[in-house]
Amino acid sequence: MSLAFRILVSFLVSLGGFIAPAGAYAATHTVIPGESLYTISINYGVPLNSLMEANEIQNSLIYPGQQLYVPENDFNGGGASYTVRAGDCLYQIGRRFGVSYQEIMRANGLSDTVIYQGMVLTIPGGAAVRQPVPQISRGGSFQRPSLADVDLLARLITAEADGEPYEGKVAVGAVVLNRVYSAGFPKSIPGVVNQYDNGTYQFEPVMNGWINKPASPQSIQAAKDALNGMDPTNGALYFFASRVKNEWLWSRPLSTIIGNVVFTY
């Protein structure tokens, strides 16, 4: 979509006389702090590459206040195919198309979740359908983070990943934010960090008091980068030390391993 066309659209909308042509795009979205293209694509149920193409974005950089066009999610559920892109995993591909990663594995005869860039996957489903774009309410879904929120996130990063590479620090912060955006988790940074379920805290530093140690300068920057949309995990919801032998943790779909930390969905 050209810049000239976008300017024309904005002008016509301001006059109240513009009706979007059918199929052009299903919604518009205003980027809020902490969002990434990946989380937006998941929230609306559209492929990441379709969202990028609809907005003529060549990389993943977006900024708060930016207006994005959300395209219709159109695919043939009976014989759809998807070409794996860098950073993809079966879990997130399944989320994009509304099927489980196990169904994709069965449809493609896969015995494990290992995929590679350029691999063509069959997406299982029924008859050809047009997937409706969910209407996402942004009211109160994520409050602009306060300085106290940034400090809390940075202190958690320090406690959990002080000895890890910078990318791993950002990844820990991103997991917290991914939980904020995901169903089943509290909708604020303090809520996620201090979550207490079934007699245990979600994050060990909250239990043992390490969360109260001052944040390192690098962790503060990592928290800011995560809040600005950087997510080396592509949407992971869990992380744990690679030395941990917990079967449940290792059974979850793998996102990536950074340093000594494993990130999963």
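Tabulated results
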| read-out | value |
| --- | --- |
| Ranked packing of 108-120, 186-198, 250-262, most packed first, by mean Cβ within 10 Å | 250-262, 186-198, 108-120 |
| Neighbour-count ranking [beta-carbon atoms within 10 angstrom, fewest first] of T233, T122, T39 | T122, T39, T233 |
| All aspartates and glutamates inside 14 Å of K224 as judged from Cα atoms, apart from same-chain residues fewer than 8 positions distant | E35, D149, D151, E167 |
| The stretch 147-264 shape via C-alpha gyration tensor axes, a/c threshold 1.5 | rounded |
| Potential extension, F240-Q66 segment - 0.36 nm per residue separation minus Cα distance | 59.2 nm |
| Length gained when the stretch V84-A107 is fully extended (0.36 nm per residue, less Cα-Cα span) | 6.8 nm |
| For S36, S50, S216, order by how many other beta-carbon atoms lie within 10 Å, fewest first | S216, S50, S36 |
| Residues W248 and T30, FRET efficiency given R0 of 35 Å [Cβ-Cβ distance, rounded to 0.05] | 0.40 |
| V120-N49 pseudo-label distance in nm [points 7 Å out on the Cα-to-Cβ vector] | 1.2 nm |
| Gained length - N208 relative to L147, 0.36 nm times residue gap less alpha-carbon distance | 19.6 nm |
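Throughout, read-outs are computed from the coordinates displayed, never taken from laboratory work. Because the structure is predicted, anything quoted here is derived from the model rather than measured. Glycine gets a Cβ as well: all are built from the backbone with ideal geometry, and neighbour counts include every protein chain shown.
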